[in-house]
Structure formats: C-alpha cells, structure tokens
Amino acid sequence: MTVADETTAQAEIGRPRRRKEDARLITGRTKWTDNLQLAGMLHIACVRSPFAHATITAIDVEEAKQAPNVVAVLTGQDVKDIQGSLPNAWPIVADQKAPPHPAIAVDRVAFAGEVVAVVIARTPRAARDAAELVDVDYDELPAVLDLKKAAADEVIAHPDLGTNISAHFELHSHEIGTGGNVEDAIRDAEVVFEREYRQQRLIPAFMEPRSVVVDPTGEQFVMWSSTQVPHILRLMLALTLGVPESKLRIIAPDVGGGFGGKLQVTPEEVITFLAARHTGRPVKWTETRSESLLAAHHGRDQWQRLTLAAKKDGTMLGLKVELLADMGAYLGLVTSGVPILGANMFNAIYKIPSYTFICDNVFTNKTWTDAYRGAGRPEATFAIERLVSDFAAHIGMDPMEVRKKNWIAHEEFPYATVSGLEYDSGNYEAATARAEEMFGYAALREEQRRRREAGEKVLLGIGISTFTEACGLAPSRALGEANYGAGGWEHASIRMLPTGKIEVVTGSSAHGQGHETAWSQLVADKLGVPFEDVEVLHGDTQIAPRGMDTYGSRSLVVGGSAVLKAAQKVIEKAKPLAAHLLEANVDDIEFDKGQFTVKGTDTGVGIGDLALATFAAHNLPDMMEPSLDAEATFDPINLSFPHGTHLALVEVDTETGKVALTKYVAVDDIGNAVNPLIAEGQVHGGLVQGISQALWEEAVYDDEGTLVTGSFVDYTLPTAADTISFETDRTVTPATTNEMGAKGVGEAGTIASTPAIVNAVVDAVRHLGIDDIRMPLTPERVWKAIQSAGQEQQAATPATQQPHFGDAPNQDTPETDAAVSGAEVGGPDSMSPDTTPGDGAER
Amino acid sequence: MIPAAFDYVAPTSVADALAALAEHGDDAKVLAGGQSLIPILRMRLNTPETVVDLGRIEELRGIREDGDAIVIGAMTPYADVLGSDLVREHLGLLYKAVAEVADPQIRRRGTIGGALVHADPAGDVGAPALALGAEFVITGQGGERTVPAEEFFRDLFETAVEDGELLTAVRFPRHTGWGSHYEKFVRVAHQWSIVAVAAAVRVEGGTIAEARVGLTNMGATPLRAKAVEEALVGKELTEDAVAEACAAAAEGTRPPTDLNGDSDYRRHLATVLTRRAVLAAAGG
C-alpha cells in the first residue's frame, strides 16, 4: 500500500496516512508509566504464592522490615479491612457465585502467583532483595486444575463456595422467540453431527509490562497505570476502596499494547494505591515479564461441544452449543462475561432455524482468565468454522459449498439471527468471490490432489474461515439487558482554540490503535481544517473526564461517532455567529470545507475566524455564550458486524509434523475505513495473533499447578521470522448504524485466522483419517496424529484407497467414528501420555 | 528481574582472571557473553558472590590459523565467527550452525566459549564442535591442557573445565572442501533447538568418503552419531542409501521430554533430520 503525499488537498477520511504517534511509540521515546520518576518515590516488590491452593499459616516479615532501605511490608492481614474485593462488573446470572477477590491474599491462596505480601522500599533492588526475606508458611490444599474435572466438582477450588460452578447460562431460540427448539431439530434430523473442540489457555503477552505509579501528595490521588481503561479504573477503584471518585485522577500515558490484557482492575493497582496512602509517598510497581506471564490475566480456555442437526444435502437445521469455560481462580472485571460474548456468535453467518447455547463458568486453581483479543467471539468463530468444515467432509461436500448453501444472502440484510442479533449489512458472496479469486482456489485443490497421488511427503491443506463478529461494544440498553455493570456509550469534546487550532478530547483510550491519527482525520474532514491543526487528547481523567475506554473494537464506531457528533455541534453553534457576522439569516448559512457562506453568495467566514471571534467575544449575537466548544456522548443503537473470507494454504511435513504457512488471503468487510493503512495494520497484527493460537501459543501448567510456560523461552510467541506476507483486500458494505459506515477492525484478524489455519492443517491430512488436532498444532501433535491415524487406517481402509478431497466424499465413516476419532487424536491425555507435565497441562 | 547483589571483577588478562577465580573459589561465576548467565542471575536462579567478567580480556578474542587448525578464542562472539573468512572456508559446519543461533542481537553478544562451557545440550555449537573433532584449550593456574571434544562434555551443564580454570580457546581441525549442513528443528525461529543435526561429509566421485555427524539436544550432552558416520562411509550418494545409514541416528540417545516433544518424537526427528542434514551437506 502506498502512503499518500500528505501535502495534497484531499479528503482525509479514506486516506492511508502514516500514524502521527509512530515516531514516539516506535522509538520508545515517550512517557510509559515505568519512565516516570517522582521525588521521593518508593518501589514495590510482590511476594507471590508458589502454590496453586494453600492455607497461609504464618507470614514472618520481621527480617524483611529490617533490611536496608525498606520502608514497610504489607500482608493481607494488614489490609484485609481496607482492600475491598476486586470488582466483577458482569454477573451474568442472578445467582452467580464468586469468592471474595482480595488484592493481597489474607489466609488462603487460590492460584500460584497470587500476592501474599508486599515490600515497599526506597529502591527497586532493595524491595526485591527484601521480598526474598519474607518467610511464608503454607499448608497445601488439594488444587483443581483440569477444567472437566473442575466441572465435576471432584475437588473444589474455593471450599467455601461448595462448587466450582460460578454460573450456568442458557439461551434458547425457542424461548426468546427467534427460532425453533433445537432438541426437536436434533431428534428429526437426517444427520446429527457432534464435535468437541478445545480452546487452549493463552496469555495476552502485551509488549509493555504492566506498571503503576500512585502519587498521594496532592488533593487528589494521581494514579498512572498501563491500562486500557482509565475511566473504568477510576470508578471501580472508588467503589472498591471507598475513596471518593473525585479524589482520584487516573492517567493512562502511552500504553504499550493490551489485547484485552489491560482491560482490568488489578490487584497491583489496588496494592500500589494502598502502599502510597500508607506511606504518604509516591510509589511505583512495575512487573517483571515473569510476573506478567504468571499473574496478569489469561485468556480463552474452554471446552466446546457442538451438535449440528442438518439435512444430507448440507442444509443446517439446528445448532446446540455446550461450553465449559475456565474462569481460573477468581472473577476479574469481565471474566464471567467473556464466554457470553460468544453466546450470539456461534450461529455466525449461517441461517440456522434453531439454536441453543449453554455455558458453565467454572473455577479452577489457575490464574484467572478475562478478555483477550476477541473475547468470546474467537472461541465461537473457531468452533463454528471448524464444525462447518468437518461437517462438509462428513457429508462429502466441499467446505465452501456448505457455507454458500447456508449463509445469509446479501439481499437478506438486515437479518435477524436465531441468537437474537440484527445484522445490519454484509455481503458474504462478494468477500468470498474476491478471496477465491486472489487465492486461486481451484488450482490449489488440483495441486493438493497431485501431491497426494504422487505420494509426496509434504502435503497441502486449504483452510477456510468465513467469519463474522460483533464490534462496537455496545448499545447501553443491550448491556443492561445482559446484566453488564455499565453502559456502552462514548464521550468526546472539541475545543476551538483562538488560533484556529483544535483540541479533540476523547474518552477512548488508545494503547497502540492510532486514535490520534484517525480522530484527527475525522475532525479535519468534518470541520474542514488541516489535519495538522488537530490535536487529540486522551487517557487522563482530568483532561478527558468522561469515557468508556478502548476494547471490543469499539473505539472508531462508538468513540469516533462521538467525535463526529461533537464536531457537528460545533458547526451548529457556529452558524448563528456566522450569520451575525455576515449579516445574514441563519437559515441561509451553509457550511462546507471549513467555510460558512451565505447561500447563493461568495461571502463567507472561516471556522477559525469564528473561533477567534468567540475568544474576543467583542461582537456576538445576543445571548450567545462566547464559545464554540462542544461535547457529545454517543450511544450506539446496535453492534456492528464486520465479516470476511480468509483462505489459508499450509504445507504439512508428514515426516516431522511441521506446519508451514505458505499463503494467506484475507478479504475483510469492515465497512468504510477512515484510515486504510491503520486498518491494514490491525488486520496484519490480528492475523499473526490468531495464527499464533493455532500454531504456537499455550499456557501450560504442571500437575502441581505451576505455570510451566513462565517465560518467553517456553511461551512461544512468533516473530516476523515466523510469518509470511499476507495478501489482503477489502470489500465494502457500509454499516448502517453509524455516520461513518464503519464496522470496527481491531479483532477481526485474530477471530478469523485461527480456524482458517486449523482447517487447513486438518484438510491436509484428513484423507489419512484425521479430523482434529488440538491447538497449538505443534509438530509433535501433528506427527503423532498422522502416526496414530496410520495405524487405524491399516486396520480399516488403506490411505491410498481413500477418495481424494474434491471429487468425492473423503470422510464416509459414520459420525460416531468422527467423534471417536476426534477424541482419540485430540483428547486430553492421548497425545503425550508419558510426558510431563501431565493432567493439569492437558497437552 | 533484579539480580541479588554480587561483587564484580573485570580482569584484563587471563592470568588476572585465574587469580580472581582462585581468590573467590566456589562463590565466583564466570561471565562471558552473558546470554545465559544474566537471565539466570536476574531470575535469581543462581546468586554468586562474585562475577568475573572476561569481556575485557583481548587475548581471548580472535580467530587465527595454527598449522592444520583454526583456533578460535573463547571470548569470540558468534558474529565474529560468522564474519570470518577462515571459518567460512575451513569450518563450514561451524559457520552454518552459528548462523542458526538465536537472533542477531544474541549473536553479537554471545560467545563461542561461553556457550561451550555453559554446555546446554540444546545449544548449537556443541554438536558441530564434536563432529569436527575440536580440541578444547583449558587454562588453570598450573598451566594449559588440551581436552578432546569427546572428553569435554561430561553431563548436563557440566564440562571438563574445573573450578578455577577457564576455557581459553578451541582448536578446530580444518575441514576444507567438506560439504556441511546444520539442520535445526524449531517451532519458532528464535527458539532453542528441539533437535538439530550437524553434518559434514567429504564426497569423492559420488561416494561418501568421510562423514561427521553431531546431534544437538538428544541427551544430556551434545552427541556424535558414530554409527551413522561409519555406515555412511563408502555409501553412494543416493537418498535411499543415506536414509538407510541414518536410520540408526537415535540409537543410544536419551533425549529429553518437554513441551516441544517427548523423547520418542525426538528420536524420530533425529533420524529424519540426520538424513536431511547429510543429503544437504553432500549437495552443498
């Protein structure tokens, strides 16, 4: 993509500008929380539990208190009456169960990594040294680590609760009036196809480790935090600690990534606040990478059982989804709601007459889970897109044909789905046609067949993902109906400075998204001013007092809409002044490209001149306040629904099991793009993150509940060396629910790519009798699947006699075999029965 | 990630370094390029009282010819090995293995000697050193001794370098004109080897005249696949003949089991990768 010459006059919206924030973010020469140095600042080191579940019988802090430069040591006993309980904002059912969630554990720890004591010292090193001297006695308790065992309540993660089930949630289309009863469909169906998929546990692994500084020395407590949600944090801290909200100022300076991992109110934020208040001095906490992997919230971690009722010709009749979702040890800010964000998305782009979604939220003695890029929708998209491809193979249809047979046709929008959403716009045919054209689908199918027939050891696989997702969280009314603890609006204000420059204040809180550039483009076009004249301010509750922050691909469609709404108010405010100065009737004033003109004449006045006129205030209409500034709050009327067709080509080395991605085509419909270059960047980054779930990442615990993947040596993130150049394009059906026609793009790549990759790998080896491999698709797992399939095939049909994909059914085994085979290949213990870690690791 | 406090000594000669080690005994750790030791210190997995930094000892750096051997100073960074025409011409296998070590930043700081003495079996220089029959020059206060590669690696993270001694140089016999290849198997590019195979072969008239094969991460130490080497000699350079000779690559190995694969899988990988390494070496 070429970058436009920034000096030519053209519309800003739609222009692929490079981001104005890049220079400082890429060089790192900016204000990260950990850069902050305040006079007399103290430093925190946390002492964390090595045990997954244990009673704290004694903590001896005397030696640590005597250590050089130590100011104080705090334990749970010291703060138990003032630390409150960390908030969960989303009780998904009225009888949701949850344990108290202390910032510092008081008498029991429930996961390895939980804070048990805090050392406050004059230097980071003194704090770390003294933390080694804190002596904690534990009595170990039985820990529950395996999600299925936890759901069976064999061992209880929190004995006082009496169960590991935090919440049981059901959604039935026949009860909400959107469809039939899925049990009827299953009973009467020609084909009942059942599969179980595993969403492994992931770690958000943002680039900047979390950091918090609290300065208690002014009238307000000032907290700097590497957070996605300064506004939510302020409110929640006030509620948790009983501090007046007006006494709290939260600043999110430049934040180095989040991916949902910084959508949280953390123990360490509370701890740093308590430490600052206790000592009366500024205090800083910055986590190590090890602490970040261990104790910052994790993501995903579900078992998904899907039952599809269908006709033999591929027509879908009903879908039943049963989930087990691992909460980990506690409920964080939206932990409980994450699986529910997928409740309406399993039906995806398909017209399914009946639908049921059932979810059990389950506690285990592991790090708690919460939002991670996509939050609920990647899980749903993975399961349905895997299911459709597996189902196609089962009935002997091309996986794309099954999709085309069942998807919502473009002329059917707006479309009310079986799960209760209304999709406003979309064109799956167009995106798919473009993707197939770019990919060379037919030719690659032929090459795939050639390699198989030639007996080559490196096989080709083609993976499809025709995804949709829900962005722009969210209409406040809908959130209320879902028992979410807040609204989904966003706020913006515009300050017209006397020199004609403009400050845009946004409640969105960027942490890498490029809001400063995109919002400037929006305002530059709307008010007809140069891009360079617009400054975007955010991330400080004193500067941007109202906001709902950044997550759920909401910033542009909700926050951007608020900015446009505020800009429109500025125009409306300026019109009477323009009329006054131009001695015209206000109804005759027109506004275009920054100029207010009298209809039918060439007399006019620029918006900058009007800003100056209000500053001087020498000559205003009667009753007009001397200001053009305006603010607006935008509450969306609906979610937005990006979609797209992604096609992946992989090579599977059958000798080693290694998967190599060789081609990836992503055609996304995100509606109109304000800045196509930023959108493209979001797609690329999202793709890598989703591909990484498929191939590389997994948080693994051993049988004792210790995180084995506790560093980047074992938590294998990809680098540029592991990826390929993606081929991307966009089709456009504008969203109808916001002025821009934008749909949101922050999570699309992540949501779409994971099933595309797994579908491709399974497609490469399906003719060998393999219908699932558990993520991440390590070479070992792929190789072992091939080995065990080979053994089964020898007993059944030789691989060479299996029909090839594309010209005949390649899976004509009964559906019970599919399920059995899936369990054998991907079951919890079958892959590496003699390896450590074992049970808790669920390898 | 702050290490426990330690004293720091930065001698400028081998003699001073040995004196420092003699003075501090068991409580001292030697710092070479720091690519393994620094993370260990930061995670407080080891808390030495004194760190003896060899980084200022010029005599430990550099690559020179010495008769039939190429001698590489222990403190020579990987990047210098890659930049050396001597290494490229006479030690092609070492060149190819070092090119696969981690990433450019680590290759700039990490040293050949540091990696060999650290003796992580997943490290990438042990197997080529074994395969090429390197000799390890170890210096103590009593003088210098030379240890053959077979005797250098003793166990996990354990070598013939005793307390109070330093590895000062490694002598590699020239393998001029040999074909070589380092077949490294990883899931992501910057990872430690899951398994890797170092192969060097001398081909005469379409037949393998000599072969050297080293295995990375197939046991507590780097290993030499002598049975494979012997089986390869005299074999015609065909895929089937090479595959047959390499089938025994994993014999006698005890590879680890970890998140990247269990020991059976590694044994299988070793046979596949050995075949590929030998064929690639013979082809190039």
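The values are calculated or read from the model by the stated rules, or taken from the named source; none is laboratory data. This structure is a prediction, so every number in the text was calculated from the model and none was measured. Note that we place each Cβ from the backbone using ideal geometry, even for glycine, and neighbour counts take in every protein chain shown.
Tallying residues that are surrounded by fewer than 16 Cβ atoms within 10 Å (Cβ to Cβ) and within 20 Å of B:Glu165 (Cβ to Cβ) within the stretch B:59-91 yields 1.
Based on this model, can you work out whether B:Arg145 counts as assigned to a strand (DSSP E or B) and at pLDDT 95 or above? Judged against the criteria, B:Arg145 is a match. For A:Asp729, the test of being within 14 Å of chain B (Cβ to nearest Cβ) and not small (Gly, Ala, Ser) is failed.
Does any residue of the stretch A:765-772 turn out to be more than 14 Å from chain B (Cβ to nearest Cβ), basic (Lys, Arg), assigned to a helix (DSSP H, G or I) and touching a residue at least 60 places away in the same chain (Cβ under 8 Å)? Yes: one or more hits.
When A:Leu341, A:Leu387, A:Leu323 are screened for being away from chain B (no Cβ under 14 Å) and either part of a loop (DSSP other than H, G, I, E, B) or within 17 Å of the chain's Cα centre (by Cα) (or both), only A:Leu341 passes.
When A:Asn672 is tested against (1) within 14 Å of another protein chain (Cβ to nearest Cβ); (2) out of contact with any Lys or Arg (no Cβ under 6 Å at 6 or more places or on another chain); (3) on the phi < 0 side of the Ramachandran plot, only condition (1) is not met.
Restricting attention to the stretch B:180-211, the residues that are of a type in the set (Gly, Ala, Ser), touching a helix residue (DSSP H, G or I) at 6+ places or on another chain (Cβ under 7 Å) and buried (at least 21 other Cβ atoms within 10 Å of the Cβ) total 6. Can A:Gly710 be described as in contact with an Asp or Glu (Cβ under 9 Å, 6 or more places away or on another chain), under 22 Å from B:Asp262 (Cβ atoms) and among the small types (Gly, Ala, Ser)? Considered against the rule, which asks whether it is in contact with an Asp or Glu (Cβ under 9 Å, 6 or more places away or on another chain), under 22 Å from B:Asp262 (Cβ atoms) and among the small types (Gly, Ala, Ser), A:Gly710 comes out as no. From A:Glu583, A:Glu572, which residue is at negative phi and out of contact with any Leu (no Cβ under 7 Å at 6 or more places or on another chain)? Exactly one of A:Glu583, A:Glu572 is at negative phi and out of contact with any Leu (no Cβ under 7 Å at 6 or more places or on another chain), namely A:Glu572. Within the stretch B:173-183, being more than 18 Å from B:Ile70 (Cβ to Cβ) and either of a type in the set (Gly, Ala, Ser) or within 12 Å of chain A (Cβ to nearest Cβ) (or both) holds for one residue alone: B:Glu183.
Can you find even one residue in the stretch A:299-314 that is touching a Pro at 6+ places or on another chain (Cβ under 8 Å), modelled with pLDDT of 95 or more and within 22 Å of A:Pro50 (Cα to Cα)? The answer is yes; a qualifying residue exists.
Let me confirm something: among A:Ala252, A:Ala276, A:Ala238, A:Ala296, which residue is more than 14 Å from every other protein chain (Cβ to nearest Cβ) and closer than 21 Å to A:Lys366 by Cβ? Selected residue: A:Ala296, the only one of A:Ala252, A:Ala276, A:Ala238, A:Ala296 that is more than 14 Å from every other protein chain (Cβ to nearest Cβ) and closer than 21 Å to A:Lys366 by Cβ. Would you be able to say whether some residue in the stretch A:218-235 is of a type in the set (Lys, Arg) and assigned to a helix (DSSP H, G or I)? Yes. Of all residues assigned to the stretch A:275-283, none qualifies as being touching a His at 6+ places or on another chain (Cβ under 8 Å) and farther than 30 Å from A:Phe51 by Cα.
Hey, can you tell me all the residues within the stretch A:117-142 that are away from every other protein chain (no Cβ under 14 Å) and surrounded by 24 or more Cβ atoms within 10 Å (Cβ to Cβ)? Within the stretch A:117-142, A:Ala117, A:Val118, A:Ile120 qualify.
Among residues of the stretch A:675-705 being within 13 Å of chain B (Cβ to nearest Cβ) and more than 30 Å from A:Glu429 (Cα to Cα), the one that is surrounded by the most Cβ atoms within 10 Å (Cβ to Cβ) is A:Tyr701.
Checking each residue in the stretch A:302-327 for being basic (Lys, Arg) and more than 30 Å from A:Asp153 (Cβ to Cβ) picks out A:Lys311, A:Lys312.
Filtered by the rule that a residue be surrounded by fewer than 24 Cβ atoms within 10 Å (Cβ to Cβ) and in a helix (DSSP H, G or I), the stretch A:529-563 gives A:Phe531, A:Glu532, A:Asp533. The set of residues from the stretch A:200-217 being out of contact with any Pro (no Cβ under 8 Å at 6 or more places or on another chain), within 24 Å of A:Ile773 (Cα to Cα) and in a strand (DSSP E or B) comprises A:Arg201, A:Leu202. The helices (runs of 4 or more DSSP H) falling completely within the stretch B:12-111 that include 2 or more residues that are in contact with a strand residue (DSSP E or B) (Cβ under 9 Å, 6 or more places away or on another chain) and closer than 30 Å to B:Val278 by Cβ map to B:78-82, B:85-90, B:92-99. Could you list, in sequence order, the residues of the stretch A:675-703 that are polar (S, T, N, Q) and over 20 Å from A:Arg18 (Cα atoms)? Scanning the stretch A:675-703 gives A:Gln689, A:Ser692, A:Gln693.
For beta carbons closer than 6 Å, sequence separation of 6+ or different chains, a first residue in the stretch B:1-29 that is closer than 24 Å to B:Glu58 by Cβ and more than 14 Å from chain A (Cβ to nearest Cβ) and a second that is among the charged types (D, E, K, R) and loosely packed, with under 15 Cβ neighbours inside 10 Å, the qualifying pairs are B:Ala10/B:Arg56; B:Thr12/B:Arg56.
When each of B:Thr238, B:Thr221, B:Thr271, B:Thr257 is tested for being away from every other protein chain (no Cβ under 12 Å), among the β-branched types (Val, Ile, Thr) and free of Cβ contacts under 8 Å to residues at least 60 places away in the same chain, the lone residue that passes is B:Thr238.
Considering A:Lys565, A:Lys599, A:Lys575, the condition of being basic (Lys, Arg) and over 26 Å from A:Pro498 (Cβ atoms) is satisfied by A:Lys599 alone.
Is there a residue in the stretch A:709-716 that is of a type in the set (Gly, Ala, Ser) and within 11 Å of chain B (Cβ to nearest Cβ)? There is at least one residue in the stretch A:709-716 that is of a type in the set (Gly, Ala, Ser) and within 11 Å of chain B (Cβ to nearest Cβ). Can you name the residue in the stretch A:740-764 that is within 30 Å of A:Ala567 (Cα to Cα) and hydrophobic (A, V, I, L, M, F, W, C) and, of all such residues, is nearest to the other protein chains (Cβ to nearest Cβ)? Per the stated criteria, the residue is A:Ala748.
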